[in-house]
Amino acid sequence: MSKATAATKKGDGAAPAVAGKRRVIICAGTGCVSTGALKVYDAFMRELKKRALNFDVILKPESENLHLSKSGCQGFCQMGPLVTIVPDDIFYTKVSADDVEEIVEKTLLKGEVVEWLLYNDPGTKQFCRGTQDIPFYQRQMRYVLKECGLIDPEDLNEYISHKGYEAAKKAFLSMTPEAVCNEITASGLRGRGGGGFPTGRKWDAARIQPAAKKYVICNGDEGDPGAFMDRSVMEGNPHSVIEGVMIAARAIGADEAYMYVRAEYPLAVKRMYKAVADAEAAGILGHNAFESGMKMKCIVMEGAGAFVCGEETALIASIEGMRGMPVPKPPFPAQSGLWGKPTVINNVETLAQVPRILLDGAEEYRKIGTATSPGTKTFALTGHVVNTGLIEVPFGTTLGEIVLNIGGGVTDDQGKKTKDIFKAVQIGGPSGGCLTPEMLDLPLDFDSLRTVGAMVGSGGLVVMNQKTCMVSVARFFMEFTQRESCGKCVLCREGTRQLLSLLDDVIEGRATPATLSLMEQLGRAVQKGSLCGLGKTAPNPVLSTLKYFRHEYESHVNDKHCLTGRCKVLAKPLINAVKCKGCAMCVTVCPVGAITGAKKLPHKLNQEACIKCGACTAKCKFNAIEGI
């Protein structure tokens, strides 16, 4: 019996025991690590040793000791570091190393709850003992992320105890490649990288190719601003990605796979390397996977961080050692991909869905989501919203449900929740578009988003309040795509550059009404004439903001005024008479004498004379000077 077979058999009986074991789980995703989670973990180690308490740091199903472990991202990033205690179902937030002694004393030894470390729901003003009491979690459906905040991502036995690698074993030992493709096709799984192409069809196209050598590529080169879904899956459950890759390889007849991970994700890179090494040591990967007689090799490769390498053919070029630049299709990678061989490329989240589909069945999977977009989608929720972090919901969940309920509502610039200030959501990053308050009832799925000129993209959701300048937002994303263009095709290379220049004209007061028409014409030309998805979607933020927020553009162009005051050149500085105390500190620092007024009376600012240097705002203690 191989190590892999023994491990999976051991896991079958281990799950109930593991479920009942008392555990302290410290979230060790990137967000919590950045706020001190590893110091919290070390503090628990010291405190447990000091009190001579028996504990394990790796899974031992037969042991009755307390299990101290790290996990991947638990989602509620802004409240980290997070500590979960099971089966007590206690969820502590913003834990520091100094809090550990009290947690051990009260919770682990006396069974009491440290109330002040619980999440305090701002809506009900109640402390929430566990995640089931927190609205942020209540309204989600964690499918791909189910184990991410629970198991130790660096412990293979933990993954196996949760039926890990059973689906891959089933695919290798009792299913034909055609049967695997048919099951994935029947599930309706669509690519989570943005395009939404049916995964089963892609696999089957590679399966029927007669080539003796084929490849699978896992695209972990997530580069959208504000997106961290794939990173969190690789950090929190790397073995689920490897298992998905193995199933894809079995489906098309491949024996080699590349795990292409963005180098800027050091924790994901580290854990993917370890997961591959552990799977090889267990006999899951190697020359005789699951004693099937079939070879399965996985190679982790670090990407250089080019956004364009999210495109399939550019990614292939990068792996082959060339500059990441797309090539025309057809032939498609399923026909001629890596080194001219049939190749299937899927992103991290797509592959992580696959094992559960094979275990639960396509029919069960189709019960989640919508008829044309089955399953769940992870989103990175950021911006002006009460609850930021990583969420997962079924396709078809409305925008309002995510922003107002899971997200907890929209905040002002000081982070305080305020009514009626929701302005827009940018979905899909540079490739997506803007959603407005009129779309709060819009179900988020591949097809409904296309009807409003947007797309799911990789899953970034940036919430914006009324103080956000939509012209500046469009410029931010255009600057990103222009910088990331590989430069191969003229329309993308020069078109994005010219769009960025036109946006600068709008923001800096040089634009005319003809500028807006020119932007629309140029945007549509770039969409039609660009070679790859980066260029074809690059104008989306500009075109969608022009469509839904044209009045803001017209104010910049016609009135030379930014309605939000964010565009410094067009801002109209003034002194708020209510806030001004007449201290005259601003008068003393103004280099051009633009501020006048008697002491202890509200001052006045001459907008024509003001050079907007900011000296007065820096000196004013009452925040009375606005528009600079």
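The values are calculated or read from the model by the stated rules, or taken from the named source; none is laboratory data. As the structure is a computational prediction, the values presented were derived from the model and not from experiment. Every residue, glycine among them, receives a Cβ derived from its backbone with ideal geometry; neighbour counts consider all protein chains shown.
What to note about this one:
- Candidates ASP441, ASP445, ASP413, filtered to the one that is under 19 Å from the mean Cα position of the chain (by Cα) and among the charged types (D, E, K, R): ASP445
- Count - residues of the stretch 191-239 that are touching a Cys at 6+ places or on another chain (Cβ under 7 Å) and of a type in the set (S, T, N, Q): 2
- Flag if LYS341 is buried (at least 23 other Cβ atoms within 10 Å of the Cβ) and basic (Lys, Arg): no
- Failed item, numbered, when ALA212 is tested on (1) closer than 23 Å to ASN288 by Cα; (2) at pLDDT 95 or above; (3) not in a helix (DSSP H, G or I): (2)
- Flag for ALA254 being at pLDDT 95 or above, under 25 Å from TRP339 (Cβ atoms) and not in a helix (DSSP H, G or I): yes
- Residues of the stretch 545-566 that are part of a loop (DSSP other than H, G, I, E, B) and crowded, with 21+ Cβ neighbours inside 10 Å: PHE549, CYS562.
- Scanning the stretch 126-165 for residues that are part of a loop (DSSP other than H, G, I, E, B) and without any contact (Cβ under 8 Å) to a residue 40 or more places away in the chain turns up just one, LYS146.
- Any hit, the stretch 472-486, residues being charged (D, E, K, R) and modelled with pLDDT under 90: yes
- Count of the stretch 274-291 residues which are surrounded by fewer than 19 Cβ atoms within 10 Å (Cβ to Cβ) and part of a helix (DSSP H, G or I): 5
- Among the residues of the stretch 515-527, none qualifies, meaning not one is in a helix (DSSP H, G or I), outside the structural domain of ALA424 (by TED's automatic domain parsing), β-branched (Val, Ile, Thr) and in contact with a His (Cβ under 9 Å, 6 or more places away or on another chain).
- Figure legend. Inter-residue proximity from the stretch 599-611: first residues under 16 Å from THR588 (Cβ atoms) and touching a residue at least 24 places away in the same chain (Cβ under 8 Å), second residues among the polar types (S, T, N, Q) and surrounded by 12 or more Cβ atoms within 10 Å (Cβ to Cβ), beta-carbon distance below 6 Å, spacing 6+ or different chains. Indicated pairs: LYS604/THR596.
- Of all the residues in the stretch 145-165, those that are under 14 Å from ILE242 (Cβ atoms) and in contact with a Lys or Arg (Cβ under 8 Å, 6 or more places away or on another chain) number 3.
- Top-ranked residue in the stretch 574-609 [being touching a Ser or Thr at 6+ places or on another chain (Cβ under 9 Å) and in a loop (DSSP other than H, G, I, E, B); ranked as farthest from VAL542 (Cα to Cα)]: HIS603
- Filtering the stretch 363-395 to residues that are among the small types (Gly, Ala, Ser), touching a Gly at 6+ places or on another chain (Cβ under 6 Å) and within 27 Å of PHE422 (Cα to Cα) leaves GLY369, ALA380, GLY389.
- Verdict on VAL233 being buried (at least 20 other Cβ atoms within 10 Å of the Cβ) and either outside any helix (DSSP H, G or I) or without any contact (Cβ under 8 Å) to a residue 60 or more places away in the chain (or both): no
- In the condition set (1) surrounded by fewer than 22 Cβ atoms within 10 Å (Cβ to Cβ); (2) in contact with a Lys or Arg (Cβ under 8 Å, 6 or more places away or on another chain); (3) of a type outside the set (A, V, I, L, M, F, W, C), PRO539 is compliant with all but (1).
- Number of the condition not met by GLY495 [criteria: (1) surrounded by fewer than 16 Cβ atoms within 10 Å (Cβ to Cβ); (2) within 34 Å of the chain's Cα centre (by Cα); (3) not in a loop (DSSP other than H, G, I, E, B)]: (1)
- Check on VAL261, crowded, with 19+ Cβ neighbours inside 10 Å, part of a helix (DSSP H, G or I) and aliphatic (A, V, I, L, M): no
- ILE184 modelled with pLDDT under 95 and either crowded, with 19+ Cβ neighbours inside 10 Å or not aliphatic (A, V, I, L, M) (or both): no
- Residues that are surrounded by 23 or more Cβ atoms within 10 Å (Cβ to Cβ) and charged (D, E, K, R) were ranked within the stretch 306-332; the one that is farthest from PRO430 (Cα to Cα) is GLU312.
- Hits in the stretch 414-464 - residues which are surrounded by fewer than 19 Cβ atoms within 10 Å (Cβ to Cβ), assigned to a loop (DSSP other than H, G, I, E, B) and of a type in the set (Asp, Glu): ASP420, ASP441
- Count - residues of the stretch 80-123 that are hydrophobic (A, V, I, L, M, F, W, C), surrounded by fewer than 19 Cβ atoms within 10 Å (Cβ to Cβ), outside any helix (DSSP H, G or I) and touching a residue at least 40 places away in the same chain (Cβ under 8 Å): 1
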